[in-house]
1. Go through segment 44-54 and report how many residues are free of Cβ contacts under 8 Å to residues at least 24 places away in the same chain and in contact with a helix residue (DSSP H, G or I) (Cβ under 6 Å, 6 or more places away or on another chain).
2. When you check residue 115 against the structure, is it in contact with a helix residue (DSSP H, G or I) (Cβ under 9 Å, 6 or more places away or on another chain), assigned to a loop (DSSP other than H, G, I, E, B) and over 20 Å from residue 160 (Cα atoms), yes or no?
3. Kindly indicate whether residue 79 is without any contact (Cβ under 8 Å) to a residue 40 or more places away in the chain and surrounded by 13 or more Cβ atoms within 10 Å (Cβ to Cβ).
4. Could you tell me which numbered condition residue 57 fails, if it satisfies all but one of (1) farther than 18 Å from residue 119 by Cα; (2) in contact (Cβ under 8 Å) with a residue 12 or more places away in the chain; (3) in a helix (DSSP H, G or I)?
5. Name, by its number, the condition in (1) within 18 Å of the chain's Cα centre (by Cα); (2) surrounded by 12 or more Cβ atoms within 10 Å (Cβ to Cβ); (3) not in a helix (DSSP H, G or I) that does not hold for residue 126.
6. If you go through segment 82-92, how many residues are within 20 Å of residue 164 (Cα to Cα) and either in contact with a strand residue (DSSP E or B) (Cβ under 8 Å, 6 or more places away or on another chain) or without any contact (Cβ under 8 Å) to a residue 40 or more places away in the chain (or both)?
7. Sort out which residues of segment 41-64 are within 22 Å of residue 127 (Cβ to Cβ) and at pLDDT below 85, and write them in order of number.
């Protein structure tokens, strides 16, 4: 036997190792296919494509949001602003990030049932809403901020004084 000829024991070991590769491909393919199939089913069942639009009715796809949707319809903003106008940044990249972030966390919370009742806004979304108020009502917010600054105070928060303006529950 010369030095380049593999030893029979090592060749047998390599052969048994390579025998597992088709099984590994089968397992990986099954996991990828199963995950993709389950994801597609869930996306379809949850009407996921509706969340890619600006239709406010999509926000009520989740039964826990029905009260907020009904209150928005009755509110002063219901005739003039969609949910996205207040709850998503106005630039394309910001809106895409916000919708992806909220879509993930909302679906996780509603699937697991781990959310507060009544539904509470988180700090990130509160900042988005505050920026939206200031964007749409820029002249008024600028005047108020100027008065506050002149008086030596910090800028006021729109939603601190008007917490339910978009979801007013009064008639």
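The values are calculated or read from the model by the stated rules, or taken from the named source; none is laboratory data. Here the structure is a predicted model, which is why all the values come from computation and not from measurement. Methodologically, a virtual Cβ is constructed for each residue, glycine included, from the backbone with ideal geometry; neighbour enumeration extends over all protein chains shown.
1. Going through segment 44-54 one residue at a time, the tally reaches 2.
2. Yes.
3. Against the criterion (without any contact (Cβ under 8 Å) to a residue 40 or more places away in the chain and surrounded by 13 or more Cβ atoms within 10 Å (Cβ to Cβ)), residue 79 does not qualify.
4. The failed condition is (1).
5. Unmet for residue 126, out of (1) within 18 Å of the chain's Cα centre (by Cα); (2) surrounded by 12 or more Cβ atoms within 10 Å (Cβ to Cβ); (3) not in a helix (DSSP H, G or I): (3).
6. As a first pass, look at segment 82-92 and keep what is within 20 Å of residue 164 (Cα to Cα): 82-89.
Filter once more, keeping what is either in contact with a strand residue (DSSP E or B) (Cβ under 8 Å, 6 or more places away or on another chain) or without any contact (Cβ under 8 Å) to a residue 40 or more places away in the chain (or both): 82-84.
The total comes to 3.
7. Scanning segment 41-64 gives 51, 54, 59.
Yes/no per residue for (1) farther than 21 Å from residue 65 by Cβ; (2) at pLDDT below 85:
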site: 101; (1), (2): no, no
site: 111; (1), (2): no, yes
site: 118; (1), (2): no, yes
site: 122; (1), (2): no, no
site: 131; (1), (2): yes, no
site: 138; (1), (2): yes, no
site: 146; (1), (2): yes, yes
site: 151; (1), (2): yes, yes
site: 167; (1), (2): no, yes
